[in-house]
Amino acid sequence: MKNRLLASLAATLVAATSAFALPTVSFDIVIGESSYGTLGGGAFYANTESEGVFKTFCIEANQSIGIGPSDIYVYEWSNATTYAGNPLSRATAFLYKSYMTGALPGYTATDGNATALQEALWFLENQNHGVNNAFAQWAVANVGGDAFANADGEFSVRVMNVYRVGPQGELLDRQDQIVYAPVPDSGSTLVLLGLGLTLVGAISRRKLL
């Protein structure tokens, strides 16, 4: 019984420490440049704890996020979505970087263009509601090489894996976003995880004495 209790406590502490170590983010609609009312997609403002505020689009059509400052999530960087484990494609990364750097031909900040860009991103990621429209076709034609190979951080574009923190500190998948940003230093995460494991060990030793 004591062993099971300690194991449960250890798992809870590690989960809570992991969630606590991750930076937070909330999302707002970009007024006048959004597909939220029609598709439930971007553009969004990501208000992050560590990287400031930037525009983003979702890359998982089957997940969702809440909008506004009361919906707080945590996040981490990767090269793939968490819901299906799909790696980000080179065409997707190229298209989003072109948008973020103002190099996407024909794009101006309107709801219609945001809707078309969201549909193109979903198409390139093989998601529901994706459309092989002019933006998607341009990205495939201009990225060079294999458009659907794994981007693996190419073009400085990554995936923001977004989570809701559950009642036991567990991480619950939410709608992942695409990010044009360098990967932050994960050293603080590792330090806090180490502190959590040290605390668990100390509790275990105290029980044995």
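Applying the selection to segment 87-127, what residues are farther than 13 Å from Cys58 by Cβ and among the polar types (S, T, N, Q)?
Ser89, Ser98, Thr101, Thr108, Thr110, Asn113, Asn126, listed by residue number.
Of all residues in segment 99-115, which are among the hydroxyl-bearing types (Ser, Thr, Tyr) and surrounded by fewer than 20 Cβ atoms within 10 Å (Cβ to Cβ)? If you could, list the steps in order and put the result at the bottom.
Our first condition is that a residue be among the hydroxyl-bearing types (Ser, Thr, Tyr); within segment 99-115, this holds for 99, 101, 107-108, 110, 115.
Listed by number, the residues that qualify are Thr101, Tyr107, Thr108, Thr110.
Is there a residue in segment 123-140 that is within 24 Å of Gly52 (Cβ to Cβ) and modelled with pLDDT of 95 or more? Quick ask: steps written out before the conclusion?
Start the filter on segment 123-140 by keeping residues that are within 24 Å of Gly52 (Cβ to Cβ), which leaves none.
No, there is no match, as no residue in segment 123-140 is within 24 Å of Gly52 (Cβ to Cβ) and modelled with pLDDT of 95 or more.
Which members of segment 116-130 meet the condition of being part of a loop (DSSP other than H, G, I, E, B) and either in contact (Cβ under 8 Å) with a residue 60 or more places away in the chain or surrounded by 19 or more Cβ atoms within 10 Å (Cβ to Cβ) (or both)?
The initial filter retains those residues of segment 116-130 that are part of a loop (DSSP other than H, G, I, E, B), namely 125-130.
Within segment 116-130, Glu125, Gln127, Asn128, His129, Gly130 meet the criteria.
Quick one: in segment 63-92, of everything that is polar (S, T, N, Q) and loosely packed, with under 15 Cβ neighbours inside 10 Å, which residue is nearest to Ala120 (Cα to Cα)?
Step one: list which residues in segment 63-92 are polar (S, T, N, Q), which gives 63-64, 70, 78-79, 81-82, 86, 89, 92.
Then drop every residue that is not loosely packed, with under 15 Cβ neighbours inside 10 Å, which leaves 64, 70.
On the way: Ser64: 18, Ser70: 30 Å.
Only one residue fits best here, namely Ser64.
Of all the residues that make up segment 144-155, how many are touching a helix residue (DSSP H, G or I) at 6+ places or on another chain (Cβ under 6 Å) and part of a loop (DSSP other than H, G, I, E, B)?
3
Need the failing condition index for Ala141 against (1) touching a Pro at 6+ places or on another chain (Cβ under 8 Å); (2) outside any loop (DSSP other than H, G, I, E, B), just the number.
(1)
Mind listing whichever residues of segment 167-184 are in contact (Cβ under 8 Å) with a residue 24 or more places away in the chain and not in a strand (DSSP E or B)? It would help to see each step written out before you state the result.
From segment 167-184, those in contact (Cβ under 8 Å) with a residue 24 or more places away in the chain are 168-171, 173-184; that's our starting set.
Result: Gln168, Gly169, Glu170, Arg174, Gln175, Asp176, Ala181, Pro182, Val183, Pro184.
Do you know which residues across segment 37-87 are of a type in the set (A, V, I, L, M, F, W, C), in contact (Cβ under 8 Å) with a residue 60 or more places away in the chain and in contact with a Ser or Thr (Cβ under 8 Å, 6 or more places away or on another chain)?
Selection gives Leu39, Ala43, Phe44, Ala46, Phe54, Ile59, Val74.
I'm trying to understand the selection: among the residues of segment 95-154, which are closer than 19 Å to Tyr36 by Cβ and among the β-branched types (Val, Ile, Thr)?
Thr108, Thr110, Thr115, Val131
The values are calculated or read from the model by the stated rules, or taken from the named source; none is laboratory data. Predicted, not measured: the structure shown is a model, and the values here were computed from it. Note that each Cβ is placed from the backbone with ideal geometry, even for glycine, and that neighbours are counted across all protein chains shown.
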